[in-house]
Structures are given as structure tokens and as C-alpha cells.
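Engineer: Handing you a structure now.
The values are calculated or read from the model by the stated rules, or taken from the named source; none is laboratory data. Note that this is a predicted model, so its numbers are computed, not measured. Using ideal geometry, Cβ is built from the backbone for each residue, glycine included, and neighbour counts are taken over all protein chains shown. Areas reflect the complete protein model, heavy atoms only, side chains present, ligands, DNA and RNA absent. Shrake-Rupley method; radii C 1.70, N 1.55, O 1.52, S 1.80 Å.
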Amino acid sequence: DLRFHRLIGESSQNPLVGALLDSIGDLLRTQRLNYFSVPGAPERARKHHRKILRMVELHLPAEAQHAMDDHLRQVIRDVERVQP
């Protein structure tokens with residue numbers, strides 16, 4: 001998961017994205033441990049990642065953004081299941 005997000009960030013060719021990921025890396029790792037304790041969360045994340053990657057590979061930025069929005073909404077729903 002971290003590698004996927006790192007690669008997507010690097011592909012943006014925006015140095016600020018990499019700097020942001022570096023600065024919050026420890027927080028992201030901790031959050032992912034909590035997130036991946038939610039039943040089915042890792043599988044849902046992989047499904048979303050595949051769709052995001054497919055849209056990026058097809059050079060469909062609007063569709064990639066929509067897929068990322070869907071992914072973020074799913075992550076929020078999953079996190080809310082473990083954090084009241």
C-alpha cells in the first residue's frame with residue numbers, strides 16, 4: 001500500500017508530493033496498521049488501487065481522480081468502523 005502511494009506520488013513529477021509523503025510517512029504507516037485491521041479493507045484497497053492505476057496507465061486523469069475519490073471514501077468508511 002505504501003509503495004503504491006509512493007509510486008503514484010513519484011509519477012506526478014511534483015517534488016512537493018514526495019516531500020509530503022516523507023513528512024507524514026510514520027503517521028501513514030500507523031494509520032495503515034489500524035486500517036488494515038478492518039475485515040476486507042486490504043482487499044478493497046487493492047481493488048481501488050488497480051482501478052486507479054488502470055486509469056493512470058490509460059492517461060484518463062478525470063477517471064483516475066474519480067477512482068481516487070472512491071478509494072478515499074471507502075477508506076473513510078472503513079476507518080469509521082474502527083474509530084467511533
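Engineer: Does residue 4 meet the test of being open to solvent by 60 Å² or more (accessible area, probe 1.4 Å) and among the aromatic types (Phe, Trp, Tyr)?
Structural biologist: Criteria not met by residue 4.
Engineer: For residues that are surrounded by 12 or more Cβ atoms within 10 Å (Cβ to Cβ) and at pLDDT below 80, tally how many sit in the stretch 7-44.
Structural biologist: Count: 5.
Engineer: Now, a different point. Anything in the stretch 1-30 that is among the acidic types (Asp, Glu) and in contact with a Gly (Cβ under 8 Å, 6 or more places away or on another chain)? List them, or say none.
Structural biologist: Across the stretch 1-30, the qualifying residue is only 10.
Engineer: So, in the stretch 1-22, exactly how many residues are of a type in the set (Asp, Glu), more than 12 Å from the chain's Cα centre (by Cα) and closer than 18 Å to residue 53 by Cβ?
Structural biologist: Residues flagged as of a type in the set (Asp, Glu), more than 12 Å from the chain's Cα centre (by Cα) and closer than 18 Å to residue 53 by Cβ within the stretch 1-22 amount to 1.
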